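Read the structure below first, then the notes.
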Amino acid sequence: AQAHPSGGRPAVQNDEHRRQVLKQQQQRLLLLRHASKCPHEHNCPVTPYCPSMKQLWKHIMQCKDQQCKVAHCVSSRYVLSHYSKCRDERCPVCQPVRDAIRKNIIRSQQVIRTSQQQ
């Protein structure tokens, strides 16, 4: 593997690292979105991360500290800020999240329609 011009990591490792970071950012956005809307205080049937994401959501909604030491606070605020401003339909972070949200909305609407027809 070749060394990457910006550092000591080979290019293949840098690509893999970038993919991991993108996936983590996407997951964080989806988990925070879920936590902000989920009615379950405990025992969420959707994800075991819901209670901790609810705590993080409450914290980041009021935190303004650029060097906050609360786990995931600064990185979550960064990715949320990016997501709220991003209009790039090819954005590797935001577009898969928007697609997942859209699919989830469509699925929910289909479930509602099906239950109304019965």
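Just one of the listed residues (81, 115) is small (Gly, Ala, Ser), modelled with pLDDT under 95 and open to solvent by less than 100 Å² (accessible area, probe 1.4 Å), namely 115. Could you go through the range 80-88 and let me know if any residue there is in contact (Cβ under 8 Å) with a residue 24 or more places away in the chain and either in contact with a Ser or Thr (Cβ under 8 Å, 6 or more places away or on another chain) or among the hydroxyl-bearing types (Ser, Thr, Tyr) (or both). Checked against the condition, which is being in contact (Cβ under 8 Å) with a residue 24 or more places away in the chain and either in contact with a Ser or Thr (Cβ under 8 Å, 6 or more places away or on another chain) or among the hydroxyl-bearing types (Ser, Thr, Tyr) (or both), the range 80-88 yields at least one hit. In the set 72, 59, only one residue is closer than 14 Å to residue 27 by Cβ and surrounded by 10 or more Cβ atoms within 10 Å (Cβ to Cβ); that residue is 72. Residues that are in contact (Cβ under 8 Å) with a residue 12 or more places away in the chain and open to solvent by 50 Å² or more (accessible area, probe 1.4 Å) were ranked within the range 19-35; the one that is farthest from the chain's Cα centre (by Cα) is 33. Only residues that are assigned to a helix (DSSP H, G or I) and touching a Leu at 6+ places or on another chain (Cβ under 6 Å) were counted in the range 80-99, giving 2.
The values are calculated or read from the model by the stated rules, or taken from the named source; none is laboratory data. As the structure is a prediction and not an experimental result, all values here were calculated from the model. Here Cβ is always computed from backbone atoms with ideal geometry, including for glycine, and neighbour counts include all displayed protein chains. Protein only, heavy atoms only, side chains kept; ligands, DNA and RNA dropped before computing areas. Shrake-Rupley method; radii C 1.70, N 1.55, O 1.52, S 1.80 Å.
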